[in-house]
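What follows is calculated from the coordinates using simple rules that are stated; it is not laboratory data. Keep in mind that this is a model prediction, so the values were computed, not measured. So basically every Cβ, Gly included, is an ideal-geometry build from the backbone, and we count neighbours across all protein chains shown.
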Amino acid sequence: MTVAFTTEPVEPTPADERARVMAGAPFGEVFTDHMVTVRWTAERGWHDARLRAHGPLALSPAAQVFHYGQEIFEGMKAYRTASGPVVTFRPYANAERFAASAARMAMPELPAEVFVSALETLVAADREWVPAEEGHSLYLRPFMIATQPTLGFYRPAQEYLFVVIAAPAGAYFAGRPMTVWLETEYTRAAPGGTGTAKCGGNYAGTLVAQQRAAERGCDQVVWLRDGHVDEMGTSNLFFVHGDEVVTPPLNDTILAGITRDSVLTLAADLGYRVAERPVSVAAWRADAERGRLTEVFSSGTSSMITPVGHVRGADGGFTVGDGEAGPVTTRLRAELLGIQTGTRPDRHGWVHKIV
Ligand SMILES: *Cc1c(COP(=O)(O)O)cnc(C)c1O
């Protein structure tokens, strides 16, 4: 399926004004000039693809998304490469995950070509909004909502809206390794639930735990299952023992990160031993205390690769390595960023040129 986007006239933000708002933008609060929308109805399927001004959506207050939470999203970035072109990273992997999330939430599948051409259309129109500074990017947020106006809850909605919006993003690097909280009271996802789908409800349910972790001086929550590590709120976790890089195997309560998958491949490319095996909290603590565990880091689109220095939980805390960013974390981060921004070879065809 190919789509032609109807282009509505949009007055672009003047260059000096754009530079000013981009410079001071707190992440996710400043948006580009455009957005893309595509509608779906049971009768017509996907239709009415538009490139239009970023702005409020007109929806019935009875739209199903407001009541029953039928919503899915993706998160990805466009980068300005060293040589000039603007690229995205593995967009077909995001398209595939978006389709899997849709299937889990009984929503219509958006063809991958439409997903990718929506991104291309938006980024091409807003290319001046892609920052040039190293490590900066244009964050892209594709999402789909159930728009059918009905409070009846007897079948999936018969109308949906797919939208892509974009926000300039600075270099996400806290400057210091994270402190994380081992969560033993709440769960993010349950067996048979929606943990493998990127759906809004999964995140709403974790805010309380995130708030409590912040009160305890922690940056992020680590979600556990039967005493084993699943992942964090918006990123996956890796454990480094010398030259071995380990992450828990995917299960039905872990979101399959595209960064996770890329790190597994890159770590093997760089000559590390790579393993997917369960990591218990008991082993995490014991290995850290014995010095066998040298580094821990998280992987995700928004925060890239970020070191974990300190761990706290109901049974007290411990430190990973010397509490600082380790050499494997730093090397993998540089390698991934280098591929995304065109300063390292793209051996796996991950980089997708837009303009
Ligand atoms: C998005 C997300 C990730 C990371 O996925 P990436 O594709 O690497 O960005 C990990 N865990 C959860 C719960 C997420 O929502």
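Values for this structure:
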quantity	calculated
Bins of 10 Å, starting at 0 and running to the largest distance - Cα pair percent for region 32-92	15, 34, 36, 12, 3
Candidates Arg52, Arg97, Arg277: whichever shows maximal mean-square fluctuation once the chain is modelled as a Gaussian network with Cα springs under 10 Å	Arg277
Cβ-Cβ FRET estimate between Ala190 and Glu276, R0 fixed at 25 Å, reported to 0.05	0.70
Extreme residue, positive dipole direction of region 180-227, given options Thr187, Tyr203, Cys218 (C-beta unit charges)	Tyr203
Local electrostatic count, Arg176, Cβ distance below 13 Å [Lys/Arg +1, Asp/Glu -1]	-3
Debye-sum result for region 140-253 in log10 I(q)/I(0), which assumes one identical scatterer on each alpha carbon, at q = 0.11, 0.13, 0.17, 0.18 Å⁻¹	-0.52, -0.70, -1.06, -1.13
Near-label residues of region 299-317 by backbone N, under 18 Å of a point 7 Å along Cα→Cβ of Ala25	301-304
Shape box of the chain [Cα atoms, principal axes, largest first, Å]	62, 52, 35
Förster-model FRET efficiency, 56 Å R0, Asp226 and Glu8, C-beta, rounded to 0.05	0.60
Alpha-carbon Debye profile of region 1-115, log10 I(q)/I(0) at 0.14, 0.21, 0.22, 0.24 Å⁻¹	-0.83, -1.53, -1.56, -1.55
Check: region 91-151 dipole with +1 on Lys, Arg Cβ and -1 on Asp, Glu Cβ, in debye	320 debye
Rounded Å value of the spacing that divides the Cα centres of region 276-330 and region 75-92	29 Å
Debye-sum result for region 73-172 in log10 I(q)/I(0), which assumes one identical scatterer on each alpha carbon, at q = 0.10, 0.13, 0.17, 0.21 Å⁻¹	-0.32, -0.51, -0.77, -1.02
Loop chymotrypsin sites (Phe, Trp or Tyr not before Pro), region 216-258 (other Cβ atoms within 10 Å of the site Cβ: 16 or fewer; DSSP)	none
Kirkwood hydrodynamic radius of region 193-321, Cα pairs, Å	15.1 Å
Projected area averaged over orientations for region 244-303, convex hull of C-alpha atoms, nm²	4.6 nm²
